[in-house]
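Trainee: Can you keep this structure in mind? I'll have questions shortly.
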Amino acid sequence: MTPRSLRRFDSILPGGRHVQLSALDPAARAGRTIFGNRVVEAGQPERLLKRGHHSRKIGDVVQKGKWRGMPIFTLTLEERATCPRTCKQWLGCYGNSMNWAERLVHGPELEARLWRELGSLQSRNPGGFVVRLHVLGDFYSLAYVSFWQQALDCYPALRVFGYTAHDPAHGIGAALKDMADTEWERFALRFSGWGLAERGAEVFAHEPPADAIPCPAQTGATDCCATCALCWATTRPIAFRRH
């Protein structure tokens, strides 16, 4: 499979410029996206989990490593509405430039439909499939963390990778850290902005932290996540250029 066939965009770089909100911006104060017209109820889209082919950066099928051959799917929630206010990218979230992204309303309806879709993906991909959590948004409750733990237990084909801004020492973050510690081979979650030496992720404007690996898909060393696999292959911190 050629890199061009893995995703429908020529470049992983978003089309818009970086947008930094003021702390007084209504969206920042209320904890919501600036693109309210792109927030949809979970029952509206044809599917919640979208093929990675439709993402600029993700890619369709893993090309290397332990998850090779597994299709990738993405889930997008509403930025800020599902994120901890301690997130260091609260004002400068890259979602500020993603005016076309469809954000799903979080809650019981989302989880019920997600469960059904995961079951369907398990049936169609018994050899394995990958879910990227979350293109936008974050883990919004302890019950939602438990949802993904139950999903790992019930759907053995499921693999997850992603990032969270939650504090790994407290509350939701501590629950996620426990999952990552015990389930890393299937639940490769990184903690953003906490300076962790393992399973960390950092955002940089100019130069990456000395101890972190710059995202190869951003530097051009590889085409997309599907051709890289680094985020679930190593526990070293990964650095992402702000966009």
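Trainee: For segment 95-103, indicate whether the set of residues that are closer than 21 Å to residue 173 by Cβ and either in a helix (DSSP H, G or I) or modelled with pLDDT under 95 (or both) is non-empty.
Mentor: Looking through segment 95-103, at least one residue is closer than 21 Å to residue 173 by Cβ and either in a helix (DSSP H, G or I) or modelled with pLDDT under 95 (or both).
Trainee: Which of (1) closer than 26 Å to residue 68 by Cα; (2) surrounded by fewer than 19 Cβ atoms within 10 Å (Cβ to Cβ); (3) out of contact with any strand residue (DSSP E or B) (no Cβ under 6 Å at 6 or more places or on another chain) does residue 228 not meet, given it meets every other one?
Mentor: Residue 228 satisfies every listed condition except (2).
Trainee: Further, regarding this structure: Only one of (1) aliphatic (A, V, I, L, M); (2) touching a strand residue (DSSP E or B) at 6+ places or on another chain (Cβ under 9 Å); (3) surrounded by fewer than 20 Cβ atoms within 10 Å (Cβ to Cβ) fails for residue 110. Which number is that?
Mentor: Every condition holds for residue 110 apart from (3).
Trainee: Report, ordered by the first and then the second residue, all pairs with beta carbons closer than 7 Å, sequence separation of six or more or different chains, a first member in segment 193-211 that is farther than 20 Å from residue 173 by Cβ, and a second member that is modelled with pLDDT under 95 and not hydrophobic (A, V, I, L, M, F, W, C).
Mentor: From segment 193-211, the pairs are 204/241; 204/242; 205/242.
Trainee: Taking only pairs six or more apart or across chains, which ones have beta-carbon atoms under 8 Å, a first residue in segment 171-189 that is closer than 19 Å to residue 238 by Cβ, and a second residue that is in a helix (DSSP H, G or I) and of a type in the set (Phe, Trp, Tyr)?
Mentor: Final answer for the pair search is 179/148; 187/148; 188/232.
Trainee: Hey, can you tell me all the residues within segment 159-182 that are among the aliphatic types (A, V, I, L, M) and either more than 24 Å from residue 104 (Cα to Cα) or assigned to a helix (DSSP H, G or I) (or both)?
Mentor: Once the filter is applied, which keeps residues that are among the aliphatic types (A, V, I, L, M) and either more than 24 Å from residue 104 (Cα to Cα) or assigned to a helix (DSSP H, G or I) (or both), segment 159-182 yields 169, 172, 174, 175, 176, 179, 180.
Trainee: So, one more: Just one of (1) charged (D, E, K, R); (2) more than 16 Å from residue 139 (Cβ to Cβ); (3) without any contact (Cβ under 8 Å) to a residue 60 or more places away in the chain; (4) touching a His at 6+ places or on another chain (Cβ under 8 Å) trips up residue 78, so point out which.
Mentor: Evaluating residue 78 over (1) charged (D, E, K, R); (2) more than 16 Å from residue 139 (Cβ to Cβ); (3) without any contact (Cβ under 8 Å) to a residue 60 or more places away in the chain; (4) touching a His at 6+ places or on another chain (Cβ under 8 Å) leaves (2) as the failure.
Trainee: I'm trying to understand the selection: among the residues of segment 104-149, which are among the β-branched types (Val, Ile, Thr) and assigned to a helix (DSSP H, G or I)?
Mentor: Across segment 104-149, the qualifying residue is only 145.
Trainee: Let me spell it out: the conditions are (1) in a loop (DSSP other than H, G, I, E, B); (2) closer than 24 Å to residue 172 by Cβ, and residue 156 meets all of them except one. Which number is the exception?
Mentor: (2)
Trainee: Return the residue satisfying two criteria in turn: it lies in segment 15-31 and is within 21 Å of the chain's Cα centre (by Cα) and surrounded by fewer than 17 Cβ atoms within 10 Å (Cβ to Cβ), and of such residues it is nearest to residue 241 (Cα to Cα).
Mentor: So the residue we want is 18.
Trainee: Residues 125, 99: which one is surrounded by fewer than 18 Cβ atoms within 10 Å (Cβ to Cβ), of a type outside the set (Phe, Trp, Tyr) and touching a Lys or Arg at 6+ places or on another chain (Cβ under 8 Å)? Steps first, please.
Mentor: Values: 125 fails: touching a Lys or Arg at 6+ places or on another chain (Cβ under 8 Å).
The unique qualifying residue is 99.
Trainee: Quick one: which residue in 115, 67 is crowded, with 20+ Cβ neighbours inside 10 Å and over 16 Å from the mean Cα position of the chain (by Cα)?
Mentor: Selected residue: 67, the only one of 115, 67 that is crowded, with 20+ Cβ neighbours inside 10 Å and over 16 Å from the mean Cα position of the chain (by Cα).
Trainee: If I filter segment 195-208 for residues that are crowded, with 21+ Cβ neighbours inside 10 Å, out of contact with any Gly (no Cβ under 8 Å at 6 or more places or on another chain), modelled with pLDDT of 95 or more and in a strand (DSSP E or B), do I get at least one hit?
Mentor: yes
Trainee: Another question, if that's okay. Which one of the conditions (1) surrounded by fewer than 22 Cβ atoms within 10 Å (Cβ to Cβ); (2) under 25 Å from residue 159 (Cβ atoms) does residue 79 fail to meet, given that it meets all the rest?
Mentor: Among (1) surrounded by fewer than 22 Cβ atoms within 10 Å (Cβ to Cβ); (2) under 25 Å from residue 159 (Cβ atoms), residue 79 violates only (1).
Trainee: Being assigned to a strand (DSSP E or B) and aliphatic (A, V, I, L, M) is the filter here, so list the residues in segment 56-88 that pass it.
Mentor: Those that are assigned to a strand (DSSP E or B) and aliphatic (A, V, I, L, M): 61, 72, 75, 77.
The values are calculated or read from the model by the stated rules, or taken from the named source; none is laboratory data. This one's a predicted model, so the numbers in the text were calculated from it and none came from an experiment. Backbone-built Cβ (ideal geometry, glycine too); neighbour counts: all protein chains shown.
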